[in-house]
Amino acid sequence: MNREDDFFPAGQETALFLFLWHLRCEKGGIGIMDFIQSTVDAVNGVVWGWLMLILLVGTHIFLTLRLRFIQAHVFKGIKLTFSKDKGASGDVSQWGALATALAATLGTGNIVGVATGVVRGGPGAVLWLWITGLFGIATKYGEAVAAVKYRVRTSDGTMLGGPMYACERGLGMKWLGVLFSIFASIACFGIGNLVQVNSIVGNFESTFGVPSYVTGLALTIFTFIVIVGGIRSIAKVAEFLIPFMAIFFFLACFILLVNNWAFVGQALNLIITSAFSMQAAVGGFTGYTVMQAARFGIARGLFSNEAGLGSAPIAAAAAVTRNPVRQGLVSMSQVFWDTIILCAVTGTMYVTCVLKWPLHFMDEAGELVRGVTFASTAFELGFGGFGAVIVTITILTFAWTTILGWSYYGERAVEYLAGKKGIQPFKIVYSLAVFLGSLMAVDLVFDIADMFNAFMAIPNLISLIALSGLIAKITKEYLWDKNLDGVDPDPIMEIRN
């Protein structure tokens, strides 16, 4: 799939420009896709440098301290997930909002994303991914509290919320909300669409021989059918699929860990030591720097649980909840399930597989294979012929629900920028982009997603730090003062058309 003619521009003028640029690049020894890849790599080298890592992890740690280690209340959030807030306002239940957020995060980030992190960041990336998730619980909580506190209701009764409204109504900085919405409306096509589709079609083609365009066309149709119904339609699909697919994948990873038990201790030691030091060649792994481990571990952590990204609070704002803290506690349990449990088990399992079967993970150049191939190899070695089926089924369900969840995020970002008139065109374009995603190279797609994740996270993290005092005040009012059943006296402060 790594072909330069896989890039389809819109419009004859653009096509002519790219064709001429292609000829120019060919004379210089590079193709269009090579040029795009090098440009994206250069941008990622800046936005995912030490400053971004410090901003993201620093916000996680800052909110953890400011909110008195809110992580200790994660099981309370799990309990609240399935309770009902009678008389409260919202579009979907707390479980429906969480299921939608989980649908958006339980995707290829848990399967291919973790594998990519291990390949490009080394075993130490698993520890950085886990650390990011642990401290990211506080950020996820803060995002949801701010989203519910500053959400608005439209004239037809629909709830709107997220970082854009927190920036506008909480900070009085609408320009920052606009900036977030622009990045979110673009990012949804990367992390929530192209990456997911690419993984689905690649697996279907390698496992069942189904051409990419056929799978892409089918996904395009089914995606449009669901997202036309809005948040309620998406939530219903997510509520049905999320529990089954998560348990199915967790059991598959756990069985592999049990089968590789002799290598678990060595894998854990390698994960810890290589996270903070140069790692010599061991069992198929070459040397990795601390920066590589941190960069790909934190990036894949953000890609997986989206804590700090500002996406999940858009779904949290639609929840039926009596006060912001209740939904904040529910929302933060998402990171617990997604990263603390699932990604940690998946990453450790991958490392044990490379230690047990190092040669099977090497390509002709002697380097670790990447993306879906890495994940498929691990499961095929552990389960034989059935391994490819496990990966295919898991990626299909995980990735497709992510496409659905992110369509809602993108829709709300577009609505903030263009009003209701932009919703239907967005849904059409988003669905058509599913087909485009079936034709792009996986490495480039992941790198583009990383780039826009960073752009989207920056305004959200700024708003969270600025609103941390208010978030702490609300937390004291309802959680620390043991008034969790209290009702927000002024939950909706504005009606919008």
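Using a simple spin-label model with pseudo-atoms 7 Å out from Cα toward Cβ, Glu367 and Arg66 lie 4.0 nm apart. Annotation: peptides 229-236, 325-332, 381-388, ranked by per-residue average of other Cβ atoms within 10 Å with the highest first, follow the order 325-332, 229-236, 381-388.
The calculated FRET efficiency for Ala418 paired with Ala262, based on their beta-carbon distance and R0 = 51 Å, is about 0.35. Note on segment 407-497: along the principal axes its Cα atoms extend 54, 33, 22 Å, ordered by decreasing extent. Note on Ile341 and Ile465: the model spin-label points, each 7 Å out from Cα along the C-beta direction, lie 3.3 nm apart. For segment 328-444, the equivalent ellipsoid derived from the alpha-carbon gyration tensor has semi-axes of 35, 20, 12 Å in decreasing order.
Within the chain, helices built from complete DSSP H runs that reach 27 Å or longer along their own axis (Cα positions) and carry a mean Kyte-Doolittle hydropathy of 1.6 or higher are 230-259. The fraction of Cα-Cα pairs per 20 angstrom bin, counted from 0 for the chain, comes to 25, 58, 17, 0 percent, rounded to whole percents. For segment 380-435, the pair-distance distribution built from all alpha carbon pairs, in bins 10 Å wide starting at 0, is 22, 34, 20, 15, 8, 1 percent. Stretching the chain fully between Ile272 and Leu484 yields a gain of 72.5 nm (0.36 nm per residue, less the alpha carbon separation).
Treating r as the C-beta distance of Lys473 and Phe208 and R0 as 41 Å, the FRET efficiency rounds to 0.15. For segment 55-496, the Cβ-based charge dipole about the Cα centre amounts to some 1140 debye (Lys, Arg positive; Asp, Glu negative; other atoms uncharged).
Across all C-alpha atoms in segment 195-273, the radius of gyration and Dmax reach 18.1, 50 Å.
Peptides 106-114, 400-408, 338-346, 220-228 ordered by packing proxy, namely the average of other Cβ atoms within 10 Å per residue, highest first: 106-114, 400-408, 338-346, 220-228.
Using DSSP, restrict attention to beta bridges with both residues in segment 55-496 and report what percent are antiparallel, rounded to the nearest 5.
Here the antiparallel bridges make up roughly 60 percent for segment 55-496.
Each peptide in 475-483, 457-465 was scored by the mean count of other Cβ atoms within 10 Å over its residues; highest first, the order is 457-465, 475-483.
Read-outs: derived from the displayed coordinates by stated rules, not from any lab. The structure presented is a predicted model; accordingly, all values stated were derived computationally and were not measured. No Cβ is skipped: glycine too gets one built from the backbone with ideal geometry, and neighbour counts run over all protein chains shown.
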